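First comes the structure, then the notes that go with it.
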Amino acid sequence: MAGRGSLRALVFVVSFALATSAASAQDVVDTFKVAIGQLGLWAVDGPRLGQRAGIFKKHGIVLDIFGTSGGGETLQAVISGSADLTVGIGTAAVLRAYAKGAPIRVIGANFTGAGDLYWYVRADSPIKRLEDAGDKTTMGFSASGSSSHNVVLAFLQERGLKALPTATGTQPATLTQVMSGQIDIGWGAPPFGLKELAEGKIRIIANGNDVPSLRTQTVRVDMVNAGVLEKRRDAVMRFVRAYRETLDWMFSSPDAVALYAEQMKVPVELAAMTRDKFQTKAAMRNDRLSDLDAVMADAVTLKYLDKPLSKAQLDELIQIPK
């Protein structure tokens with residue numbers, strides 16, 4: 001009897017240990033610090049929306065999300081390790097940083113084309129179109145290395161426009177500068193500015209797809225610190241899976257639009273317009289880069305790169321899961 005009791009006790013202890021181990025494995029949670037330039041754009045708000053919807057939690061991921069003033073600050077945050085990864089950073093800036101030895105890797109496409117970015121003037125401005133700009137006309141972009149910066153440079157190079165590129169920071173800061181007359185042409189991305197547009201306070205004079213070469217290019221990517229990918233690859237892959245699931249949800253569920261509208265404090269109608277007309281599902285396909293040769297050629301023309309990256313370099317830089 002004593003022997004059988006000991007055996008039962010041993011079986012109980014082993015079973016309890018196995019159950020505890022299994023539960024612990026299921027409860028593994030990885031935390032990532034995520035830096036996002038221009039936090040609040042639909043195209044880069046997947047991490048915040050997906051976390052609020054519980055999608056990242058389902059994949060054992062918790063995100064510590066913070067905003068930056070633009071691409072340059074975001075890039076430095078990931079390079080330095082103060083952030084683990086980012087979504088929606090300018091492709092040309094990433095290529096340039098990698099070519100200079102930055103420890104970064106691309107884990108997804110974020111946006112193809114540039115139709116989500118627009119340039120506007122105050123309603124009473126004499127500028128009716130981009131061609132009205134002159135040598136002293138100030139034209140805004142967020143920060144050096146950002147996708148808005150890339151578009152402004154492309155306006156000057158490809159369309160022969162005359163303007164003075166000027167870093168204006170965030171969208172609210174840019175709007176303030178436009179309305180106060182500190183800058184002539186501001187930049188924005190929906191839903192920001194749609195209210196002012198409807199009220200007749202501003203006029204849109206161009207968008208990023210007015211640069212022909214950018215229409216088919218992946219202009220923004222998702223990026224991770226190379227050391228983080230090397231040491232925590234399984235967790236990074238779970239982040240990618242959760243992010244892609246979030247994108248599917250964002251474009252299929254009315255709950256996503258409602259949550260975004262609440263988060264941005266805009267009417268649901270403007271949030272839906274942002275998704276359906278400006279930052280579309282086709283443009284936000286995550287699993288492949290588009291027209292990368294043209295991206296590199298433009299980067300060389302705009303002096304982001306001395307020469308295109310080699311196949312070996314691209315194979316190391318681009319780590320997008322199928």
| Just for the chain, what percent of DSSP beta bridges are antiparallel, to the closest 5? | 55
| remark: Output row, site SER144, 7 Å Cα→C-beta label point, backbone N cut-off 17 Å, window the stretch 162-186, residues 164-170
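Summarise the accessible area of the chain (1.4 Å probe, protein heavy atoms) by the percent that is carbon and sulfur. Don't skip to the answer; put the middle values down first.
Working: 8190 of 14780 Å².
Carbon plus sulfur share of accessible area: 55 percent.
For ASP234 and ASP64, calculate 0.36 nm times their separation in residues minus their Cα-Cα distance, and state this gained length in nm to one decimal.
Numbers: separation 170, 0.36 × 170 = 61.20 nm, distance 1.83 nm.
Stretched fully, the ASP234-ASP64 segment lengthens by 59.4 nm.
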| task | Would you mind checking the pairs LYS58/LYS100; LYS195/LYS322; LYS100/LYS136; LYS136/LYS265; LYS128/LYS307; LYS33/LYS265 and listing those with alpha carbons more than 29 angstrom apart? | result | LYS58/LYS100; LYS195/LYS322; LYS100/LYS136; LYS136/LYS265; LYS128/LYS307
| request: With an 8 Å cut-off on Cα pairs and a minimum separation of 6 or more residues, tell me the relative contact order of the chain in percent. | output: 25
| field | ILE320-ARG241 pseudo-label distance in nm [points 7 Å out on the Cα-to-Cβ vector] | value | 2.0
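Under a 1.4 Å probe, what is the accessible area of the chain per residue, stated in Å²?
On the way: 14780 Å² over 322 residues.
Result: 46 Å² of accessible area for each residue.
Kindly state, to the nearest 0.05, the FRET efficiency for GLN313 paired with ARG129, given R0 = 45 Å and r defined as their beta-carbon distance.
Details: r = 40 Å, r/R0 = 0.88.
Using R0 = 45 Å, I get an efficiency of 0.70.
Of the listed peptides 213-224, 154-165, what is their order by residue-averaged count of other C-beta atoms within 10 Å, with the highest listed first? Walk me through the numbers on the way to the answer.
Values: 213-224: 24.8, 154-165: 16.8.
The densest-packed peptide leads the list: 213-224, 154-165.
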| request: Could I get the Rg over Rh figure for the stretch 122-277? Both from C-alpha atoms, Rh via Kirkwood, rounded to two places. | output: 1.03
| query | Taking the Cβ-Cβ separation of LYS162 and SER252 as r and a Förster radius of 41 Å, what is the calculated FRET efficiency to the nearest 0.05? | reply | 0.40
| note | Two pseudo-spin positions, 7 Å from Cα along C-beta at GLN263 and at GLN76, lie apart in nanometres by 2.6
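The values are calculated or read from the model by the stated rules, or taken from the named source; none is laboratory data. These numbers come from a predicted model, not from an experiment. Counting neighbours? That spans all protein chains shown, and the Cβs are built from the backbone with ideal geometry, glycine included. With ligands, DNA and RNA removed, areas are computed over all heavy atoms of the protein, side chains included. Shrake-Rupley method; radii C 1.70, N 1.55, O 1.52, S 1.80 Å.
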